[in-house]
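Enquirer: Below you'll find the structure I mean.
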Amino acid sequence: MCTVVTVDAGEAVLQGAAETPQAALLSLTMSSAQQAFQVLLSIGAGTGLLYIARWFWWRVSAWCEIVAMVLSLITSLAVPYFMPGADFATTTIVQVSITTVAWLITAFVGPTTDRATLIAFVQKVKPMGAGWAELRAAAGISDAEVAQENRIGAAFAGWISGFVVIWSSLFAIGNFLYASGDPSRLSMAWMLTAVFAVSGFVLLRVTQQLWTDGTASQAREDARASA
């Protein structure tokens with residue numbers, strides 16, 4: 001699902017504009033591959049909860065995402081500067097805390113997505129969770145419809161398998177590349193390749209099932225609209 005479904009075009013443009021200077025500034029501050037990896041992890045950790053919460057709470061808007069992205073960039077540079085003796089885990093926890101507080105405040109006091117757009121989104125997606133209860137009631141969506149349209153178990157399995165696909169493939173390629181200088185890495189490379197194949201198969205099956213469910217859901221929507 002696309003996270004810009006519930007925002008208007010102007011908010012989406014602002015979100016994209018906030019990402020470009022982040023990449024430019026980070027390229028000037030990185031001095032090693034490890035540092036680059038740590039910065040990427042810290043930024044991801046600072047915004048990860050936001051992207052999950054968006055599907056369970058209507059107040060999370062594109063403005064929350066913009067604030068989180070900007071704060072994650074600033075804190076990924078400022079926190080290590082003001083805490084030079086702290087290790088990476090400590091600075092990341094501090095950064096995540098600051099970023100989370102910032103986007104939560106924005107969710108309550110910042111501009112919200114147009115209500116008509118939110119209701120249209122609820123009618124289309126039928127999101128679950130207490131954070132959408134008010135809008136589900138306004139849209140006339142029952143709990144039974146929400147349960148029918150949401151397959152959280154399958155979606156979670158797809159998320160886990162997708163995660164494993166990405167990381168197993170990356171480390172498998174790395175071990176294959178370094179195996180020429182260290183033959184002991186070859187066995188790990190093949191093992192990770194097997195993990196990649198299994199997780200890829202699971203991801204494919206889950207995706208096919210979710211796609212089938214989505215097609216059936218659209219057919220029900222079309223039948224309801226034509227009735």
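The values are calculated or read from the model by the stated rules, or taken from the named source; none is laboratory data. Every value quoted in this text rests on a predicted model; they were computed, and no experiment measured them. Cβ: placed from backbone, ideal geometry, glycine included. Neighbour counts: every protein chain shown.
Enquirer: So how many residues does segment 123-180 have that are among the polar types (S, T, N, Q) and more than 20 Å from residue 200 (Cβ to Cβ)?
Expert: Of the residues in segment 123-180, 5 are among the polar types (S, T, N, Q) and more than 20 Å from residue 200 (Cβ to Cβ).
Enquirer: If we scan segment 136-145, do we find a residue that is buried (at least 17 other Cβ atoms within 10 Å of the Cβ) and basic (Lys, Arg)?
Expert: The answer is yes; a qualifying residue exists.
Enquirer: Now for a different question. So residue 199 fits all but one of (1) assigned to a helix (DSSP H, G or I); (2) modelled with pLDDT under 90; what number is the exception?
Expert: (2)
Enquirer: Scan segment 60-101 for residues that are surrounded by fewer than 20 Cβ atoms within 10 Å (Cβ to Cβ) and among the small types (Gly, Ala, Ser) and report the count.
Expert: 5
Enquirer: Let me ask something additional. Does residue 172 qualify as being closer than 21 Å to residue 55 by Cα, of a type in the set (A, V, I, L, M) and either in contact with a Leu (Cβ under 6 Å, 6 or more places away or on another chain) or surrounded by 15 or more Cβ atoms within 10 Å (Cβ to Cβ) (or both)? Steps first, please.
Expert: Numbers: closer than 21 Å to residue 55 by Cα: no; of a type in the set (A, V, I, L, M): yes; either in contact with a Leu (Cβ under 6 Å, 6 or more places away or on another chain) or surrounded by 15 or more Cβ atoms within 10 Å (Cβ to Cβ) (or both): yes.
Here the answer is no, as residue 172 does not meet what is asked.
Enquirer: Scan segment 185-192 and tell me whether some residue there is within 23 Å of residue 41 (Cα to Cα), touching a Ser or Thr at 6+ places or on another chain (Cβ under 9 Å), touching a residue at least 24 places away in the same chain (Cβ under 8 Å) and not aromatic (Phe, Trp, Tyr). Working first, answer last.
Expert: To start, the set of residues in segment 185-192 that are within 23 Å of residue 41 (Cα to Cα) comprises 192.
Filter once more, keeping what is touching a Ser or Thr at 6+ places or on another chain (Cβ under 9 Å): 192.
Those left that are additionally touching a residue at least 24 places away in the same chain (Cβ under 8 Å): 192.
From the residues that got through so far, the ones that are not aromatic (Phe, Trp, Tyr) too are 192.
Yes, the conditions are met somewhere in segment 185-192.
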